[in-house]
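One structure is given here, and the rest of the page talks about it.
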Amino acid sequence: MAKQMITVMTSNTFPTSKIDQIIEGIAEHGYAVIPGFFPADFIAALREEAHQLHHAGAMQGATTGREDTAKLDTATRGDLIHWLDDAQSSAAQQAFFATMEQLREALNRHLYLGLFELENHFAIYPPGAIYRKHLDQFRGNEERQISCILYLNDNWKIDDGGALRIYMDGTAEPSVIDVLPESGTLAVFMSGRFWHEVLPARRERMSLTGWFRKRGTNLS
Ligand code: OGA
Ligand code: MN
């Protein structure tokens, strides 16, 4: 079943209306949240891969800070991650990349963002793990332009916790939106603009997270 879905998705039939919703959201508000961006059995295939990587010991504690000074600090960030590698990607990952490539081209065409690359990792937050309020751009490095988080958790309830809390900018009163990490929901936002955090959950919480990057200005 998943195999058939993957075939459909690698052909050029991914609904452009869903891509358009993201473009409109980013253009008007700087963010978009699209429930059901990918179909359930496709998400199930990605979730299974994340589980297998976890059981194989291929997911590692995520560090915080720039690469040169990165450190492990679970009080700041408690997820386990596995970076995806284009060269070793599964059929489901390739289908994911194909759709994200459509999104990259649409973002560049409509919003002139000059995005050239997507970096992705699976993330698993054990129950209780958090990621404190942060921005996805490191100081002095604006390469990460657009953050994309695809959630892989079936049947998520409000009481399960684990929302992605996004702090709205430009408002006098601090205001937030909370995104539930439900299977198939895709959250997309401008990396340099929105502070956000992951609240603790009662259950394991999985996602596939990516950043579209533009080229650095000081490439040697
Ligand atoms: C991140 C992040 C949010 C989420 O990995 O930088 O903010 O909802 N993730 O998983
Ligand atoms: Mn983040």
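Bear in mind that the values in this text are calculations on the coordinates, not laboratory data. Worth saying up front: this structure is predicted, and the values here are computed from it rather than measured. We place every Cβ from the backbone using ideal geometry, glycine too, and count neighbours over all the protein chains shown.
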Under the span-like rule (Cα at least 20 Å along the axis, Kyte-Doolittle mean at least -1.0), DSSP H helices of the chain: 40-55, 91-111
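Over 16 Å apart: what share of the alpha carbon pairs of region 165-211 falls there, rounded to a whole percent? If you can, show how the numbers build up before the last one.
Details: 505 of 1081 pairs.
Within region 165-211, distances greater than 16 Å cover 47 percent of Cα pairs.
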Neighbourhood net charge (11 Å Cβ-Cβ; Lys/Arg +1, Asp/Glu -1) for G128: +2
Fewest-first sequence of M59, M168 by Cβ atoms within 10 Å of each Cβ: M168, M59
Test item: Cα-centred dipole of region 94-136, Lys/Arg +1 and Asp/Glu -1 on Cβ, debye: 220
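Pairs of Cα atoms under 8 Å, at least six residues apart: use those to get the relative contact order of region 64-158, whole percent. Walk me through the intermediate numbers first.
Values: 64 pairs, mean separation 35.4, N = 95.
It rounds to 37 percent for region 64-158.
So for region 59-105, what percent of the C-alpha to C-alpha distances run longer than 18 Å? Working shown, then result.
Values: 544 of 1081 pairs.
Here the tail beyond 18 Å accounts for 50 percent of pairs.
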Overall form of region 98-197 per C-alpha gyration tensor (a/c, 1.5; a/b vs b/c): oblate
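Dipole size in debye (nearest 20) for region 1-139 around its Cα centre, Lys and Arg Cβ +1, Asp and Glu Cβ -1? Numbers along the way, then the final one.
Details: 11 positive and 17 negative charges, 67 e Å.
My answer is approximately 320 debye.
So for the chain, considering every pair of alpha-carbon atoms, how many percent are separated by more than 24 Å? Walk me through the numbers before you get to the answer.
On the way: 9989 of 24090 pairs.
I get 41 percent for the Cα pairs in the chain exceeding 24 Å.
What ranking of R203, R213, R109 emerges when the number of other C-beta atoms within 10 Å of each C-beta is taken as an exposure proxy, fewest first?
Final ranking by Cβ density, sparse to dense: R109, R203, R213.
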Rel. contact order, % - alpha carbon contacts under 8 angstrom, at least six apart, the chain: 27
Relative contact order (%) - criterion: Cα under 8 Å, at least six apart; region: region 110-194: 34
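At 25 °C and a viscosity of 0.890 mPa s, what translational diffusion coefficient does Stokes-Einstein give for region 43-156, taking Rh as the Kirkwood radius over Cα pairs? Give it in µm²/s as a whole number. Walk me through the numbers on the way to the answer.
Numbers: Rh = 15.9 Å.
Roughly 154 µm²/s, to the nearest whole number.
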